[in-house]
1. Filter the range 7-42 down to the residues that are of a type in the set (Ser, Thr, Tyr) and at pLDDT below 65, then identify the one that is surrounded by the fewest Cβ atoms within 10 Å (Cβ to Cβ).
2. So which residues in the range 1-32 are at positive phi and acidic (Asp, Glu)?
Amino acid sequence: MALVELARYSRNEAHIVVGRLEAEGIPAVAFDAGSSIADGSWLLIPVRVMVDEDDIAEARTIVAA
């Protein structure tokens, strides 16, 4: 299983996208979601939504819908 980046989102959007993909049966992970809250950088650093490379086409279709 090799993870590839689907897209980058704000922290909240990333978690919504991960939930949507998982509801459709596609495992997804939000990378960088744990960026430092203490210094406020979590507001500036986009969160990468990662999926298995075999699921990328279907994930793009789901997100585009």
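1. Start the filter on the range 7-42 by keeping residues that are of a type in the set (Ser, Thr, Tyr), which leaves 9-10, 35-36, 41.
Okay, now just the ones that are also at pLDDT below 65, so 35-36, 41.
Numbers: 35: 16, 36: 9, 41: 11.
Top of the filtered list is 36.
2. Of everything in the range 1-32, just one residue is at positive phi and acidic (Asp, Glu), namely 32.
The values are calculated or read from the model by the stated rules, or taken from the named source; none is laboratory data. Just so it is clear, the structure is predicted and the values come from calculations on it, not from any experiment. Note that we place each Cβ from the backbone using ideal geometry, even for glycine, and neighbour counts take in every protein chain shown.
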